[in-house]
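K.L.:
Below is one structure. I have some questions about it.
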Amino acid sequence: MPPATSPPKAGPWTAACSAPCEYELMALKYYHAEPLANSLKSMVPLKEKGLAYESIYVDLHKFEQHQPWFTAINPEGQVPVLDHDGTIITHTTVINEYLEDAFPDAQPADAPLRPRDPVGAARMRYWNKFIDEHVMNYVSMHGWHRMVGVIARNIESGDFEKLLESIPLPDQRKKWATARSGFSESDLANATAKIEYALDKIEKQLGETKWLAGDTYTLADINFYSHCGAMVERMFPEMEVAKRAPRLCEWRDRVAARPAVAEALKSEDRTAPGLRVWSGEVR
């Protein structure tokens, strides 16, 4: 259901504040879906920083992200969205950097989520770029093939055409159409190879540093955990991740043990049970 409050004026940046101290007085709203992938990626920093926010669940199973009430907030029709007292911020890496700029002193006890030194910040951004451009896209393809494809094929043809018409982004319309017919075996095989490369690269890095960007937990760890690390064994059992990447598995357990991550994972999840275990069927 749409929120009771009126949405702010649409646009990626709809308000501005001149002084950092003013941010502390402003309300935060977080529009999100299930606690995985993009929605989890920005929910964890909110909880790690101890920021109070209004959680607004957007039901992707009912295509609420394409309904007028939501596209008035984000014309791209995508979650998550951060509303900071009328300032609308989209895209998770941007949201997470914004939270660091807006609330620099709200940090976990162990270390800032974005390193304060230039080298540490650069390493964090290197890994974020790698995950955003490499890992996320290829894991997403398998997710669309196994999960969204099941949903798409269960929609009547006429209704599916109407759904496509309601999707604001052309690339998203194309992905929905492809998910309905199925991604090609060659594309899926290429995606699998890219994911295997990423796992090996990250396993090597974790042999050199405790966390992806160095000695402290950062936004880069949250990014990889949200998009791949948390569920890679369920998605790709054939990769035998425990044998292939034992350091990655130990890292994953350390991330999962953080109270903020555990709290985020308790958020509302309406995924059909069959889809939740990646079986490819709705039950």
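Bear in mind these aren't lab numbers, they're just calculated from the coordinates by the rules spelled out. In this text the structure is predicted, and so the values were computed from the model without any measurement. Cβ sites come from the backbone with ideal geometry, for glycine too, and all protein chains shown count toward neighbours.
K.L.:
The list [x] 25.5, 81; [y] 19.0, 55; [z] 19.1, 63 gives values of Rg and Dmax of the Cα atoms in Å, and only one came from this structure; which label was calculated from it?
P.N.:
Comparing each candidate, only [y] matches the computed number.
K.L.:
What distance in nm lies between label points placed 7 Å from Cα along the C-beta direction at residue 200 and residue 243?
P.N.:
1.6 nm
K.L.:
Straight-line reach from residue 162: which lysines have a Cα under 27 Å away, not including same-chain ones fewer than 8 places off?
P.N.:
9, 62, 174, 175
K.L.:
While we're looking at this one, here's another question. Mind ranking 166-178, 45-57 by how tightly packed they are, going by the mean number of other C-beta atoms within 10 angstrom, highest first?
P.N.:
Values: 166-178: 14.5, 45-57: 17.6.
Taking the mean over residues of other Cβ atoms within 10 Å, the ranking is 45-57, 166-178.
K.L.:
A follow-up question, please. For segment 215-228, what does the Karplus curve 6.51 cos²θ - 1.76 cosθ + 1.60, with θ = phi - 60°, yield as ³J(HN,Hα) per residue in whole Hz, taken in order and with x for Gly and Pro?
P.N.:
Whole-Hz 3J(HN,Hα) from phi for segment 215-228: 8, 10, 5, 9, 4, 5, 5, 4, 4, 5, 4, 5, 8, 8.
K.L.:
With a Förster radius of 35 Å, plug the Cβ-Cβ distance of residue 165 and residue 54 into 1/(1 + (r/R0)^6) and report the FRET value to the nearest 0.05. Provide the component values of the computation, followed by the final result.
P.N.:
Working: r = 31 Å, r/R0 = 0.88.
So the FRET efficiency works out to roughly 0.70.
K.L.:
Next up: What nm value, rounded to one decimal, do you get for the distance between residue 269 and residue 177 when each label is placed 7 Å out toward the C-beta?
P.N.:
Inter-label distance under the simple model: 3.4 nm.
K.L.:
Could you derive backbone 3J(HN,Hα) for segment 99-112 from the dihedral phi with the Karplus parameters 6.51, -1.76 and 1.60 (θ = phi - 60°), listing whole Hz in sequence and x where the residue is Gly or Pro?
P.N.:
Working through the residues one at a time gives 4, 5, 6, 6, 10, x, 8, 8, 9, x, 5, 7, 5, x Hz.
K.L.:
Let me know the charge dipole size of segment 118-266 about its Cα centre in debye, to the nearest 20, where only the beta-carbon of Lys, Arg (+1) and Asp, Glu (-1) is charged.
P.N.:
Dipole about the Cα centre, nearest 20: 240 debye.
K.L.:
Now for a separate question. Within segment 143-219, report the GluC sites (Glu not before Pro) that DSSP leaves as loop and that have at most 10 other Cβ atoms within 10 Å. Write down the numbers at each step before the final one.
P.N.:
Values: sites: 156, 161, 165, 185, 196, 203, 208; in loops: 156, 208.
Sparse-neighbourhood loop GluC sites (Glu not before Pro): 156, 208.
K.L.:
7 Å from Cα along Cα→Cβ at both residue 250 and residue 184: what's the point-to-point distance in nm?
P.N.:
Once both label points are built, they end up 4.2 nm from each other.
K.L.:
Is it possible to state the helix-based mean residue ellipticity at 222 nm for the chain, with each DSSP H run of 4+ residues giving -39500 (n - 2.57), the sum divided by total residues, to the nearest 500 deg cm²/dmol? What is it?
P.N.:
-13500 deg cm²/dmol
K.L.:
Which whole-Hz couplings ³J(HN,Hα) result when phi for each residue of segment 132-149 is put into the Karplus expression 6.51 cos²θ - 1.76 cosθ + 1.60, θ = phi - 60°, listed in order with x for Gly and Pro?
P.N.:
Running phi through 6.51 cos²θ - 1.76 cosθ + 1.60 with θ = phi - 60° gives 5, 8, 10, 5, 4, 5, 7, 5, 4, 4, 5, x, 5, 5, 8, 9, 5, x Hz.
K.L.:
Go through 79, 122, 199 and say which Cα lies farthest out towards the positive end of the charge dipole of the chain; charges sit on Cβ, +1 for Lys and Arg, -1 for Asp and Glu.
P.N.:
Looking along the dipole axis, the top candidate is 199.
K.L.:
Please list, or write none, the aspartates and glutamates whose alpha carbon is within less than 14 Å of the alpha carbon of residue 243, excluding same-chain residues fewer than 8 places away.
P.N.:
Counting by Cα, and skipping residues close in sequence, residue 243 has these aspartates and glutamates nearby: 196, 200, 203, 233.
K.L.:
Determine, for 71, 209, 92, the number of other Cβ atoms within 10 Å of each Cβ, and report the residues in order from fewest to most.
P.N.:
Least to most surrounded, the residues fall as 209, 71, 92.
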